[in-house]
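J.: Okay, handing you the structure first.
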Amino acid sequence: MRYEAESAIVKARSIVNRYNTRDPWTVAEYLPGVQVVKRDLGTNIMGYTLVAARRAIINLNTVQSYSSASGVLAHELGHSQLTRSADTNYFYRNASVARTGSAEYIANCFMFQFMFGDRGGINPLNYDQILDEYELPQWMVRYFELIR
């Protein structure tokens, strides 16, 4: 299935407006049918979402910083809202570039809009610092261009 970046941006914007926050932890508490579980997933898997019986169970690795876990949670919220019919996808620490139109691509678009979008523009000189803070790979810099 092919997904569109614009649908992820619109959905993220809608959720931010509905709950009046960009805090993925708060949003996860209020979204119906979403449950967050923290567990040790090893050193490479940062999180994943399973959908069963109309419930999205977001599994987050306990072996990551709060900032990193927040970014991963926002990404997984994107899966819970937009790619429920896709197979389980894992958010890896050393992930490769997501193919445009894939479930991972759409979850990344959602995450960037949810966390960083509609803030009057982010100075491109700060992109690397933001990626480092959230422990995201440098190739994700391309998503800043989608949320301008």
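J.: Inspect the range 82-104 for any residue being more than 17 Å from ALA8 (Cβ to Cβ), among the basic types (Lys, Arg) and touching a residue at least 24 places away in the same chain (Cβ under 8 Å) and give the result as yes or no.
T.: Yes - at least one qualifying residue is present in the range 82-104.
J.: Given the conditions (1) out of contact with any Ser or Thr (no Cβ under 9 Å at 6 or more places or on another chain); (2) at pLDDT 90 or above, and given that ARG99 satisfies all but one, which numbered condition is not satisfied?
T.: (2)
J.: Also: Restricting the search to the range 128-148, which residues are open to solvent by 30 Å² or more (accessible area, probe 1.4 Å), assigned to a loop (DSSP other than H, G, I, E, B) and under 23 Å from GLN64 (Cα atoms)?
T.: Within the range 128-148, TYR134, GLU135 meet the criteria.
J.: Looking only at residues in the range 38-53 that are part of a strand (DSSP E or B) and more than 21 Å from MET115 (Cβ to Cβ), which one is most open to solvent (accessible area, probe 1.4 Å)? First the steps, then the outcome.
T.: Filtering the range 38-53 for residues part of a strand (DSSP E or B) gives 38-39, 45-52.
Right, trim to more than 21 Å from MET115 (Cβ to Cβ) and you get 39, 50-52.
On the way: ARG39: 107, LEU50: 72, VAL51: 66, ALA52: 57 Å².
Among those that are part of a strand (DSSP E or B) and more than 21 Å from MET115 (Cβ to Cβ), it is ARG39.
J.: Please go through the range 69-119 and pick out each residue that is among the aromatic types (Phe, Trp, Tyr) and either more than 19 Å from THR26 (Cα to Cα) or open to solvent by 10 Å² or more (accessible area, probe 1.4 Å) (or both). Give the derivation first.
T.: Here is the first cut: in the range 69-119, the residues among the aromatic types (Phe, Trp, Tyr) are 90-92, 105, 110, 112, 114, 116.
TYR90, PHE91, TYR92, TYR105, PHE116, listed by residue number.
J.: Would you call THR83 at pLDDT 95 or above and polar (S, T, N, Q)? Before the answer, list the steps.
T.: On the way: at pLDDT 95 or above: no; polar (S, T, N, Q): yes.
Here the answer is no, as THR83 does not meet what is asked.
J.: Taking only the range 101-126 into account, find how many residues are touching a helix residue (DSSP H, G or I) at 6+ places or on another chain (Cβ under 8 Å) and at negative phi. Lay out the reasoning, then the answer.
T.: We begin by selecting, within the range 101-126, every residue touching a helix residue (DSSP H, G or I) at 6+ places or on another chain (Cβ under 8 Å); these are 103, 105-118, 122, 124.
Adding the requirement that they be at negative phi leaves 103, 105-117, 122, 124.
Of the residues in that region, 16 qualify.
J.: While we're here: Taking interchain pairs and intrachain pairs at least six residues apart, which have beta carbon atoms under 9 angstrom, with the first residue in the range 122-138 and among the hydrophobic types (A, V, I, L, M, F, W, C) and the second in a loop (DSSP other than H, G, I, E, B)?
T.: Sorted first by the residue in the range 122-138, then by its partner, the pairs are ILE122/ILE147; ILE122/ARG148; ILE130/ILE122; ILE130/LEU136; LEU131/PRO137.
J.: Ok, one more. For residues that are farther than 15 Å from ALA107 by Cβ and touching a residue at least 24 places away in the same chain (Cβ under 8 Å), tally how many sit in the range 1-22.
T.: Going through the range 1-22, the residues farther than 15 Å from ALA107 by Cβ turn out to be 13-14, 16-22.
Pick out the ones that are also touching a residue at least 24 places away in the same chain (Cβ under 8 Å) and you get 13, 16, 22.
Count: 3.
J.: Taking into account only those residues within the range 1-37 that are in a helix (DSSP H, G or I), modelled with pLDDT of 90 or more and of a type in the set (Gly, Ala, Ser), which is nearest to TYR66 (Cα to Cα)? Outline the logic, then answer.
T.: Going through the range 1-37, the residues in a helix (DSSP H, G or I) turn out to be 5-19, 24-30.
Now restrict to residues that are modelled with pLDDT of 90 or more: 7-19, 24-30.
Restricting the remaining residues to those that are of a type in the set (Gly, Ala, Ser) gives 7-8, 12, 14, 28.
Values: SER7: 27, ALA8: 24, ALA12: 21, SER14: 24, ALA28: 15 Å.
The selected residue is ALA28.
J.: Note down all Cβ pairs under 9 Å where the first residue falls in the range 34-53 and is touching a residue at least 40 places away in the same chain (Cβ under 8 Å) and under 17 Å from SER80 (Cβ atoms), the second is surrounded by fewer than 14 Cβ atoms within 10 Å (Cβ to Cβ) and of a type in the set (D, E, K, R), and they're at least six residues apart or on different chains.
T.: Within 9 Å, the pairs are VAL34/ARG55; THR49/ARG84.
J.: Would you check which residues across the range 106-127 are farther than 22 Å from GLU76 by Cα and outside any loop (DSSP other than H, G, I, E, B) and list them?
T.: PRO124, LEU125, ASN126
The values are calculated or read from the model by the stated rules, or taken from the named source; none is laboratory data. Values in this document were obtained by computation on a predicted structure and should not be read as measured data. Because the Cβ atoms are built from the backbone with ideal geometry, glycine has one as well, and the counts that use them run over all protein chains shown. For the accessible areas, the whole protein counts, side chains as well, though only heavy atoms, and no ligand, DNA or RNA atoms are used. Shrake-Rupley method; radii C 1.70, N 1.55, O 1.52, S 1.80 Å.
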